[in-house]
Structure formats: structure tokens, C-alpha cells
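Down below is the structure, laid out as C-alpha cells.
The values are calculated or read from the model by the stated rules, or taken from the named source; none is laboratory data. Remember, predicted model here, so these are calculated numbers, not experimental data. Note that each Cβ is placed from the backbone with ideal geometry, even for glycine, and that neighbours are counted across all protein chains shown.
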Amino acid sequence: MQTKMAIPVFLLLTVTVFFHAVVQAAEGVRVEGQDPGRFEINSSVKAINLKKLPEIAKLIPELSYYQAVFVGEQHPRFDHHLNQLAIIQGLYARYANLAIGVEFFQQPFQQYLDRYIAGNLSTDGLLDKTEYYDRWRYDFRLYAPILEFARNNHIPIVALNVPTEIIEKVGREGLKGLSKKERAQIPADIDYSNKRYEDRLKKVFKDHPQYFGKFKTFYEAQLVWDEAMAESAARYLKSHPNTHMVVLAGNGHLAYGAGIPDRFKRRLSKISTVIILNDWDRAINPEIADYLLLSKEKELPKAGFLGVILDISTGSLEISDFSEDSPAKVAGMKEKDKILALNGHFVSKMSDVQKIMWDKKPGDQVLVKASRKADQDKDKTLEFEVKLR
């Protein structure tokens, strides 16, 4: 059964260099010999009426002319993912042959996405099989509405990303550090030619030196990331030439076209493309994208919490402290208890807990099995019914 979801209303700021405008400070230019009371207005300055911005629904007819629609995001922003969903819904109403390419799943797990869309794998099974919380880690509820809509309407989801292990290894050692098997998992052709992109990444690198090693390997890792996602999207459209695709990725992979879009066009030069960013916290100019969406921040609904702080340094899930008014503490759990299972599912690491707890709400009951040290250092197993807060 198709789930109907209302398209949220958000503000749309269009910024294409050809037929949209960019907000700049207006300035007059006095011409020598001209009456000092008169000014010649700089014709390069454009203006946008911020009180009359069109709604996102008005954008859909324009986007329908493009076969590949790139839509950016700031990963933790729920409103950005609702905007992406609105675009997907609008385009699906026009094109039944639609696919969605996503950064948040990695290519080796494509078979599980296919099974999920076919209705042969549950959402919990998808999280488990794709190792979502080990590899992406953002709250899955951010993306759940998009995946639910895709599943209900049999829209293929295409994994764009490469394994985390490869990106991290390139970031440490560069491309030369990859084995033949690892090198075979990334594109053979890596384009280094965009110097403006390199300069922007240098600024990112300098602003966060504590996170990265050498710029050369950081830069190579970013290029591998971009090239791999571009190739995955292009490969799908080559084998499905009558399909339209919406590509969802972080704003940084799409801005100025330098990350994924230009590398996609290098592979499929005849396919029409358009870039949409969700907000932009830096200077706006006509080159960053074709469209910019402005939306009010929307928080996810409050999640249900056990109210425990876990120490994972010992290789187990040991309670080191409790939050204020902790429901686990109220249920009788104590510091040093080690959580063994939740609702009958064995847990040994944080991602196991996240897979089970992702859709739990305040008021839900969770059965917690834990071990506790008893006399003579023997462990005893206990069970607690915890009402989440």
C-alpha cells in the first residue's frame, strides 16, 4: 500500500547563475563627469525579494527536466531530509522510473538494500546486514521516512559509498597504501585537476588539523570518496538509461559541482544534472549550486532512553553512571552491571544497542538482561523491565 505523506512547505532560494539571482550588497558607481546627484547602478548586482520566496512545491516542475538531481544535506538536520523526501515524492509523481542514490549506505551491502525494497528484509534486518550503526552512525530516524517511502513504492535505493575501511586507509596512507583487492573496489580514474576544490579542502584541513594527518592523503581520501559515489550513480544510470535518479549526499560533496556532480558528468556527459543544497553556512554566490533550500530546523521526536552511561573500554557494556531520573536505575540496575541483552537480543557493543533502540519511544518497555558481580566474584544474571523515559 502506498503511504501518502504531505510534502512539507519550506522556503526556496534559487541561485542558478543563468536564470536565478544571488543576494549581494547593492552599490552605486559614480561616473566621472556625471552629475554628482546621479548614480549609475552596477548591473552585476542582483536582488532577491526574501519576502516572496517560492515554496518547495514550485521547484518540482523545474527539477523534472533533469535526469540526475543532486540534493545536499547537513547530516544531522531532520528538516533537510524532509526536504529531500519532498523532492523525491514530487519527482516520483512525474516519473515512475525513479531511483535514489544515497551516501549513507556502502556499495558492498547493495544486496540487502535490494532485499529491503523487495519486502524481503525488515528495517531491523537492514540495519544489521548493512552494519549501519558501525559505518554511518547518524540517527537512523533521520533517513527512515525516505526509506519507508522508497519501500512502499518499490523505488530502488542505490548504495553510493565505498567501505569505511578504504577511505580511512587512504586518509592514513594514501592510494599507494591500498592492496590490489582494495584498489579494485574504487574507480581507476581519479581526477586531481580541480585546483579550486583542492584549495577549499586545504582550508577545511587547516581548520581541523587535529582530525587529519597529511593534506595529501586527506585530499586523496576525499577524491576517492567523491569519485566512487559518482561512479556508482553513473553505473546505475548506464544500465537503466530511462531512469531518473535523485542523489542524496552531504552538501560538501555537491557544492560548486566539484565533488560528485562534475565527476558524474565526466562519466555521463549527455545526462542533464541539477544541484540543490540544503542551507549553506558560508558566503552565497551563483556558483555553489543551482538552488538553495532554506528551512526552519526541525528536531526528531524525543527518543526513548534507558538513562545509562556505558563504559566500553573493557570490551563489554558496563554501566559507569546514570542520567538524572534514570529509568534503568529506577528499575533496579546498578553501576558496574554489564548489559548482556535487550529484548532478548544479545548485545556486545554500542552499535548493537543502537540497532535495537533506534525506534523506541518514551514509555516503551525494554527487557534488559545484565550480569552483576556476586560473592566470591561470581557473576549472576538478572533481568529488569525498564520503562523508557
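Here's a check for you: in region 37-64, which residue that is of a type in the set (S, T, N, Q) and within 27 Å of residue 86 (Cβ to Cβ) is modelled with the lowest pLDDT?
This residue is 49.
Looking at region 320-339 only, could you name the residues that are closer than 26 Å to residue 136 by Cβ and crowded, with 18+ Cβ neighbours inside 10 Å?
Passing the criteria: only 339.
Please specify each residue of region 38-92 satisfying the condition of being under 27 Å from residue 301 (Cβ atoms) and not in a helix (DSSP H, G or I).
Within region 38-92, 55, 71, 72, 73, 74, 75, 76, 77 qualify.
Identify all residues within region 122-142 that are part of a loop (DSSP other than H, G, I, E, B) and of a type in the set (Lys, Arg); write none if there are none.
Across region 122-142, the qualifying residue is only 137.
Look through region 294-310, keep the residues that are within 21 Å of residue 333 (Cβ to Cβ), in contact with a helix residue (DSSP H, G or I) (Cβ under 9 Å, 6 or more places away or on another chain) and aliphatic (A, V, I, L, M), and return whichever of them is surrounded by the fewest Cβ atoms within 10 Å (Cβ to Cβ).
Taking the candidates together, the pick is 303.
Can you report the number of residues in region 157-174 which are outside any helix (DSSP H, G or I) and crowded, with 19+ Cβ neighbours inside 10 Å?
Result for region 157-174: 6.
All but one of (1) touching a strand residue (DSSP E or B) at 6+ places or on another chain (Cβ under 8 Å); (2) modelled with pLDDT under 95 hold for residue 88; which doesn't?
Result: residue 88 fails condition (2) only.
Given the condition within 29 Å of the chain's Cα centre (by Cα) and among the small types (Gly, Ala, Ser), answer yes or no: does some residue in region 364-386 qualify?
No, region 364-386 contains no residue that is within 29 Å of the chain's Cα centre (by Cα) and among the small types (Gly, Ala, Ser).
Does residue 320 satisfy being under 28 Å from the mean Cα position of the chain (by Cα) and either in the same structural domain as residue 371 (by TED's automatic domain parsing) or on the phi > 0 side of the Ramachandran plot (or both)?
Judged against the criteria, residue 320 is not a match.
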